[in-house]
Amino acid sequence: MAATPPRQPTAARQAEIVGTLLQLAAERSALEITTTDIARAMNLSQGALFRHFPTKEAIRLAVVDWIETSLMQRLDAAREQAATPVEALRGMFRAHVRFFMEYPGAPRFVFGELQHPSETPVKERVCRLMRHYRERLGGVLEQAAGRGLLRPGLDHDAAASLFLGAIQGLVIQSMVTGDPSRLETQAPALFELYLSGLEVRS
């Protein structure tokens, strides 16, 4: 009789479950993905799935946690490696686009939750992720303004919204056309247009 393979540690299995949901979300609405879908994709029973997460909501919350941790690490690295605040913005824009190219299920998941008609713990968690992102952008914009690199009187909240909106627009276009390469090819020119609106001095 073949030996039963050892169970994976909970943390490893949880990470696999999160990754599976993101992979499934790249192809369909995350709101439609069931625990049965996840278990089937992993060749697990639902009982095995629920040994690692008590509810579907807990899985979805873990997905948001993973997205925030992974994305913010990339944004922080881009910011730290930049010589100037403007280069930090450029690096953060590029890092965000590359993250979405690598994990196309992530933006679909986030957009789906933000469009949810009612308030849910997962939607609230996504909104908190967005607030943390805007805080990071606000810090970089403040640094750029302090160095006299931005137009005096610039609305930093509006500038942060436009930054995020530009990326979201690229993602939506790539989803509509089914061509993820649009993210990479159009991102540099779009960022330069964004930057020109801030009237950054050379």
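Looking across the stretch 167-182, the residues that are out of contact with any Ser or Thr (no Cβ under 7 Å at 6 or more places or on another chain), assigned to a helix (DSSP H, G or I) and not hydroxyl-bearing (Ser, Thr, Tyr) come down to ILE167, GLN168, GLY169, LEU170, VAL171, ILE172, GLN173, MET175, VAL176. Note on the stretch 64-100: residues that are under 10 Å from the mean Cα position of the chain (by Cα) and of a type in the set (A, V, I, L, M) amount to 5.
The combined condition, being modelled with pLDDT of 90 or more and over 20 Å from the mean Cα position of the chain (by Cα), is fulfilled by GLY148.
Put simply, of SER161, SER174 the only residue that is modelled with pLDDT of 90 or more and of a type in the set (Ser, Thr, Tyr) is SER161. Can you find a residue that is in a loop (DSSP other than H, G, I, E, B) and among the polar types (S, T, N, Q) anywhere in the stretch 108-115? Looking for residues that are in a loop (DSSP other than H, G, I, E, B) and among the polar types (S, T, N, Q), one finds at least one in the stretch 108-115, hence yes. Somewhere in the stretch 103-111, is a residue among the charged types (D, E, K, R), modelled with pLDDT under 95 and buried (at least 16 other Cβ atoms within 10 Å of the Cβ)? Looking for residues that are among the charged types (D, E, K, R), modelled with pLDDT under 95 and buried (at least 16 other Cβ atoms within 10 Å of the Cβ), one finds at least one in the stretch 103-111, hence yes.
Scanning the stretch 36-71 for residues that are crowded, with 16+ Cβ neighbours inside 10 Å and either closer than 18 Å to ARG136 by Cα or among the hydroxyl-bearing types (Ser, Thr, Tyr) (or both) turns up VAL64, TRP66, ILE67, GLU68, LEU71. Filtering the stretch 30-54 to residues that are among the hydroxyl-bearing types (Ser, Thr, Tyr) and either within 21 Å of ARG128 (Cα to Cα) or in a helix (DSSP H, G or I) (or both) leaves THR35, THR36. Restricting THR185, THR177 to those that are more than 16 Å from PHE93 (Cα to Cα) and either aromatic (Phe, Trp, Tyr) or more than 15 Å from the chain's Cα centre (by Cα) (or both) reduces the list to THR177. With the structure loaded, tell me whether PRO107 is of a type outside the set (A, V, I, L, M) and under 14 Å from ALA187 (Cβ atoms) or whether it fails that test. Yes, satisfied. Residues in the stretch 127-151 that are touching an Asp or Glu at 6+ places or on another chain (Cβ under 7 Å) and basic (Lys, Arg): ARG151 alone.
Selection of first residues in the stretch 150-166 that are touching a residue at least 12 places away in the same chain (Cβ under 8 Å) and acidic (Asp, Glu) and of second residues that are part of a helix (DSSP H, G or I) and surrounded by 15 or more Cβ atoms within 10 Å (Cβ to Cβ), restricted to Cβ pairs under 8 Å at least 6 apart or on distinct chains, gives the following pairs, ordered by first then second residue: ASP157/ARG134.
Taken together, the residues in the stretch 72-86 that are surrounded by 15 or more Cβ atoms within 10 Å (Cβ to Cβ) and either farther than 25 Å from PRO121 by Cβ or without any contact (Cβ under 8 Å) to a residue 24 or more places away in the chain (or both) amount to 6. Filtering the stretch 183-202 to residues that are among the hydroxyl-bearing types (Ser, Thr, Tyr), part of a helix (DSSP H, G or I) and within 24 Å of GLY148 (Cβ to Cβ) leaves TYR194, SER196. Within the stretch 95-111, residues that are among the charged types (D, E, K, R) sit with their Cβ atoms under 7 Å from residues that are surrounded by fewer than 22 Cβ atoms within 10 Å (Cβ to Cβ) and not in a helix (DSSP H, G or I), at 6+ positions apart or across chains, in these pairs: ARG108/ALA26.
The values are calculated or read from the model by the stated rules, or taken from the named source; none is laboratory data. Every value quoted in this text rests on a predicted model; they were computed, and no experiment measured them. Cβ atoms come from the backbone with ideal geometry, glycine included; neighbour counts cover every protein chain shown.
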